[in-house]
Amino acid sequence: MTTDLDPFAHWDAAYVLGALDADDRRAYERHLDDCDHCSMAVAEVAGVPALLGRVPAATALELDRAPRGLHSDVAGEPPRDLLPKLLERTRPPRRWGRVGGVGVGLAAAAVAVVVAVSVLPTSPTGPYPGAPQGPSAPAGAQPMAAVVPSPLTAEVSVSAQQWGTRIDVVCTYEEPSDGGYGTDRSEYELLLTDRSGVTTSLATWSAAAGQTVTPSATTSVPMLWIDRIDIRSVDTDQVLLTRAF
């Protein structure tokens, strides 16, 4: 249950926007498993990244350069204290001291994006048309297709949650020809691309030949809004495996 004393009460936007570090993200995800209130809060703002992704950079910059009062007929001029209020909302309270140094240019850009998003058309069902409104049955494990030859094979499964999607991957690394285990470790990254074209990094890990690794991740993107999931080699910057949805 969420109360006024709940330290996670205002972390929903920070989680969706990727403003939490790895430790805070894991702690918040554990909290979401037991807190319906916070899960619903995340679901309500889950579409923000997709909306931001729909704002062309040129549009945001043009809004920033426009004369004062130009947008009054559409959304009204944003108040001067809008950005501090947004930051206060999207950052955990204990991190506020790190936000004070935000520059004027960043503030203007953020306000421009907010204005641009406010005038974008939205569906009556929200920013994710056709997205499930609650949990559904998890999809079974699906094999990932090789993009380039590599010793890596993997299966991925996704399951809808009230606040987004859980993703589980089983990665198997081919054993060395001599039957021993490799000592050189390589780094990999799990990427998700939604149907608006926005790509998000979900997890990173390292592994050596002969090992099986089971990375898991969560995202605020609804399951039916996932376009594809990729595994990328951090060492070569190449996508090795992919699965379209």
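Since every read-out is calculated from the coordinates, none of them should be taken as a lab result. The shown structure was predicted, so the numbers you read here are calculated from the model rather than taken from an experiment.
Distant-in-sequence amide contacts of VAL221, defined by a placed amide H-H separation under 5 Å and a gap of 5 or more residues or a different chain, comprise THR165. In this structure the amide hydrogen of LEU240, modeled in the peptide plane, comes within under 5 Å of the amide hydrogens of ILE231, ARG232, SER233, none closer than 5 places in sequence on its chain. Karplus-derived 3J(HN,Hα) values for segment 31-38, using 6.51 cos²θ - 1.76 cosθ + 1.60 with θ = phi - 60°, are 5, 4, 4, 10, 10, 5, 4, 5 Hz; glycine and proline are entered as x. If you take the alpha carbon atoms of segment 151-245 and fit the smallest convex hull around them, that volume is 83 Å³ per residue. Compared with the direct C-alpha span, the chain from GLU174 to SER201 gains 7.3 nm at full extension, assuming 0.36 nm per residue.
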